[in-house]
Amino acid sequence: ALSLSGTFAVPGFCQDKPAAIKPLVTDLFTADPSAHVFNGKIFIYPSHDIEANVPQDDEGGHFNMRDYHVYSMDSPTGKVTDHGVVLDLKDIPWAGRQLWAPDAAFKNGTYYLYFPAKDKQDVFHIGVATSKSPTGPFKPQPEPIPGSYSIDPAVFTDLDGTSYMYFGGIWGGQLQRWHTGKYEKSLSTDLGKGHENEPALSAKVVKMSKDMLSFDEPLRDVQIVDENGKPILAGDKDRRFFEGAWMHKFNNKYYFSYSTGDTHFLCYAEGSSPYGPFTYKGVIMKPVEGWTTHHSIVDFKGKWYIYYHDAALSGKTHLRNIKVRELLREKDGAIRTIEP
Ligand code: FUB
């Protein structure tokens, strides 16, 4: 099979010999990289992992992050510049703990940093902070986005200028607790035993308001269906949505990608509208070192790149490091599976 953009994407690194892929940042632990091209440069908005000495649990209590840094690069494999702390937990009036995977967007001459955090009652919501520069510092809004919950916001702006937020994550991300429309604390991981043959819990998608600070409509489910048009089931753990949503558009098709969490795949599904439904297509990346896997996909000068993380640097699942490699496609747009 031929790729559209060549096999030797990253200078000196062969797609088929991944051992050479190096962490982009080595002086801090970083994860969940959301990469964007602003003004011809790459900006990365990652989580900043720290050792907070919180014991590991199924709710991700050991991911106890307290601030965000922004990184920039002139090219996907170029020098990485750390722009320092751009938002700190102590400056977010509503937030209690756990600054998880963020994303960023640009509109109206303003840069928006979207981030999940637990409020003071330990319920995840999504906040937004603004800056006139892609490198911050970002000033948080006093309250989370009304109607937001759960984790892992990813904001996609279509060619017509409309922006959409995709978000959600089960287990520690608390998406299952909102299944009935109101917060239900007793659901700790997913819908639980006996629900395996029901449609899996869905990520959410919503159009953003013009000022990018609120939602413009009710939330919708991001439906993922199989090749027969049937919803992916909750028991189908190799394919069902877990967390880490991302959207990109290629050749007029919408590619919704995500992590399967406890089965550790990055997968994708394809659709003809930003709202879906999306048909499951395959695995983008097989399991990396560490429990979590999380990515973003970005076009830089006609080549596509995947930013992701693993835990190779520390050997500890909550102390991760971000990496990049080229994303290769077959002629029909299908994404070639990466063996990390
Ligand atoms: O970084 C904390 C959480 O781990 C993220 O929000 C998830 O996507 C997973 O990567």
(message) Suppose the Debye formula is applied to equal point scatterers at every Cα of the stretch 130-214; what is log10 I(q)/I(0) at q = 0.11, 0.18, 0.20, 0.21 Å⁻¹?
(response) -0.40, -0.89, -1.01, -1.07
(request) Give the percent of DSSP beta bridges with both residues in the stretch 253-340 that are antiparallel, rounded to the nearest 5. (result) 95
(request) Principal axes first, then extents: for the Cα atoms of the stretch 19-134, list largest minus smallest coordinate on each axis, whole Å, largest first. (result) 42, 41, 20
(request) Under a cut-off of 17 Å between alpha-carbon atoms, report the aspartates and glutamates in cross-link reach of Lys79, not counting same-chain residues fewer than 8 places apart. (result) Asp27, Glu326
(request) Would you mind estimating how fast the chain diffuses translationally, via Stokes-Einstein at 37 °C and 0.692 mPa s with the Kirkwood radius over Cα pairs, in µm²/s? (result) 166
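May I ask which of Lys230/Lys301; Lys139/Lys207; Lys210/Lys237 have a Cα-Cα span longer than 30 Å here?
Values: Lys230/Lys301 37 Å; Lys139/Lys207 22 Å; Lys210/Lys237 37 Å.
In this structure, Lys230/Lys301; Lys210/Lys237 lie more than 30 Å apart at Cα.
Mind running the shape call on the stretch 280-330? Use the C-alpha gyration tensor, a ≥ b ≥ c as the square roots of the eigenvalues: rounded below 1.5 for a/c, prolate if a/b tops b/c, oblate otherwise. Please report the intermediate quantities before stating the final value.
Details: a/c = 3.08, a/b = 1.69, b/c = 1.82.
Since a/c reaches 1.5 but b/c is at least a/b, the shape of the stretch 280-330 is classed as oblate.
Note the full-extension length gain between Ala20 and His179 as 0.36 nm times their separation in residues minus their Cα-Cα distance, in nm to one decimal. Working shown, then result.
Values: separation 159, 0.36 × 159 = 57.24 nm, distance 4.26 nm.
Net length gain for the segment: 53.0 nm.
Taking every eigenvalue of the Cα gyration tensor of the stretch 197-262, multiplying by 5 and rooting it, what semi-axes result, largest first, whole Å? Could the numbers behind the result be given before it?
On the way: eigenvalues 113, 42, 28 Å².
Square roots of five times the eigenvalues give 24, 15, 12 Å.
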(message) With a 10 Å cut-off between alpha carbons and a GNM built on the chain, which of Pro277, Pro218, Pro231 moves the most?
(response) Pro218
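Run through the stretch 267-337 and list the trypsin sites (Lys or Arg not before Pro) located in a DSSP loop whose Cβ has at most 12 other Cβ atoms within 10 Å. Write down the numbers at each step before the final one.
On the way: sites: Lys281, Lys301, Lys303, Lys316, Arg320, Lys323, Arg325, Arg329, Lys331, Arg336; in loops: Lys301, Lys316, Arg320, Lys331, Arg336.
Of the trypsin sites (Lys or Arg not before Pro), the ones in loops of the stretch 267-337 whose Cβ has at most 12 other Cβ atoms within 10 Å are Lys301, Lys331.
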(message) Given points 7 Å out from each Cα along the Cα-Cβ axis, report the Lys249 to Asp332 separation in nanometres with one decimal.
(response) 2.3
(message) Can you tell me the length gained on complete extension of the stretch Leu191 to Asn53, counting 0.36 nm per residue apart and subtracting the Cα distance?
(response) 46.7 nm
(message) Show log10 I(q)/I(0) for the stretch 58-213 at q = 0.18 Å⁻¹, two decimals, from a solvent-free Debye sum over equal Cα scatterers.
(response) -1.12
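Tell me, in nm to one decimal, what length is gained between Asp299 and Lys132 on full extension, where the rule is 0.36 nm per residue of separation less the Cα-Cα distance? Can you show the working numbers first?
Numbers: separation 167, 0.36 × 167 = 60.12 nm, distance 2.31 nm.
Value of the extension gain: 57.8 nm.
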(request) Grab every C-alpha pair in the stretch 238-340, bin the distances at 10 angstrom width from 0 up to the longest one, and report whole percents. (result) 16, 50, 28, 6, 0
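A short reminder: the numbers here are calculations on the coordinates, not readings from a lab. Please read these numbers as outputs of a predicted model, since none were measured by experiment. Neighbour counts are summed over all protein chains in view; Cβ atoms, including those assigned to glycine, are modelled from backbone coordinates with ideal geometry.
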